[in-house]
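Encoded as structure tokens, the structure appears first; notes follow it.
We did not get these values from a lab; they are worked out from the coordinates using the rules stated. Computed from a prediction, not measured in an experiment: that's the story for all the values here. A quick note on method: Cβ atoms are made from the backbone with ideal geometry, for glycine too, and the neighbour counts reach across all protein chains shown.
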């Protein structure tokens, strides 16, 4: 019994190591705020409508500000300057 469990664990570990790995890209990011190690972004998912929305950008050193963004990814700046961003419920 002990041998069977150990064999199963080794088989599972080997299988996990051989799974294909897909790189993460900006296109694969979910809607909303996200960041890399250096840059902050906001992705507006519009489902093909072409809408533009207003987001609030939460900054570290200055006052927060509102920004109009279109569909797709918008670069907001450095992660050392931007803490987050969110949709405020209005279009522009």
- request: Output the peptides 60-69, 31-40 sorted from most to least packed, where packing is the average of other Cβ atoms within 10 Å over each peptide's residues.
  value: 31-40, 60-69
statement: Bounding extents of segment 25-91 in its principal axis frame from Cα atoms, largest first in Å, are 34, 27, 12
field: Label-point separation in nm, residue 86 to residue 38, each point 7 Å along Cα→Cβ
entry: 3.0 nm
